[in-house]
Amino acid sequence: MSTNAAYRAGLEQQFHDAWVTFFATFARFEHALKKAPYLKHTKSGTTAEAGWAGFANDLGPEFLDLCRTQPDLEKLFTNPPMLLKVDLGEATSWKKARAINSVADFFQVVKDVRNNLFHGDIHPHSDREERLIKAAQQVLDLAWSHASRKADNPKLVEFCEAFRFKA
């Protein structure tokens, strides 16, 4: 049986190396968060979902302060990705981006970048989108680095260990 792949023609030309790296890093982050365990829900039997809020809490407010000092991250604070919301009649439209008042809010913005890229609402080759993707990648890099310096927190230590691929 052959599969007609014409419906996805051109996709491989749309994805830059930076996008693929961001996807892979984000996916590995969520894996490591679940293994640490930073879980969104802790009730037995529920599906394991990454608990970004707990991770953000353990990184502490100094992480957000650090991010605010990084010039390459300014775009995430001043012009974050808009949110696709449901309107009356089940139509959708872009709405105001979320406010950043905490580390957890900041990770939600990084997730918004991933969601917009993953679900296809990124304008290919747009300078703005490219800057947002690279900034979101830098946030993940800074978060891992920040977590790795908190050896007194067993969950952060486990997160850093779980992030690494093991042979």
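The values are calculated or read from the model by the stated rules, or taken from the named source; none is laboratory data. Keep in mind that what you see is a predicted model, and the values were worked out from it rather than measured. Counting neighbours? That spans all protein chains shown, and the Cβs are built from the backbone with ideal geometry, glycine included. Each accessible area value is taken on the protein alone, full model and side chains, heavy atoms only, with ligands, DNA and RNA left out. Shrake-Rupley method; radii C 1.70, N 1.55, O 1.52, S 1.80 Å.
Annotations
Yes/no per residue for (1) assigned to a loop (DSSP other than H, G, I, E, B); (2) out of contact with any Pro (no Cβ under 6 Å at 6 or more places or on another chain); (3) at positive phi; (4) not aliphatic (A, V, I, L, M):
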{"residue": "Lys85", "(1), (2), (3), (4)": "no, yes, no, yes"}
{"residue": "Arg98", "(1), (2), (3), (4)": "yes, yes, no, yes"}
{"residue": "Val109", "(1), (2), (3), (4)": "no, no, no, no"}
{"residue": "Asp112", "(1), (2), (3), (4)": "no, no, no, yes"}
{"residue": "Lys134", "(1), (2), (3), (4)": "no, yes, no, yes"}
{"residue": "Asp141", "(1), (2), (3), (4)": "no, yes, no, yes"}
{"residue": "Ser145", "(1), (2), (3), (4)": "no, yes, no, yes"}
{"residue": "Glu161", "(1), (2), (3), (4)": "no, yes, no, yes"}
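- Residues in the stretch 18-54 that are crowded, with 19+ Cβ neighbours inside 10 Å and without any contact (Cβ under 8 Å) to a residue 40 or more places away in the chain: Ala50, Gly51.
- When Lys43, Lys75 are checked against the criterion of being basic (Lys, Arg) and in a loop (DSSP other than H, G, I, E, B), a single residue qualifies: Lys43.
- Matching residues in the stretch 92-104 - criterion: being polar (S, T, N, Q) and either open to solvent by 60 Å² or more (accessible area, probe 1.4 Å) or in contact with a His (Cβ under 7 Å, 6 or more places away or on another chain) (or both): Thr92, Asn101
- Residue-level check: of (1) small (Gly, Ala, Ser); (2) in a helix (DSSP H, G or I); (3) open to solvent by 80 Å² or more (accessible area, probe 1.4 Å), Ala151 misses just (2).
- When the residues of the stretch 63-91 are filtered to those that are touching a residue at least 40 places away in the same chain (Cβ under 8 Å) and either in contact with a His (Cβ under 9 Å, 6 or more places away or on another chain) or of a type in the set (Val, Ile, Thr) (or both), the one that is surrounded by the fewest Cβ atoms within 10 Å (Cβ to Cβ) is Leu66.
- Subset of the stretch 122-145 that is small (Gly, Ala, Ser) and either at pLDDT below 95 or surrounded by fewer than 16 Cβ atoms within 10 Å (Cβ to Cβ) (or both) - its residue that is nearest to Leu83 (Cα to Cα): Ser126
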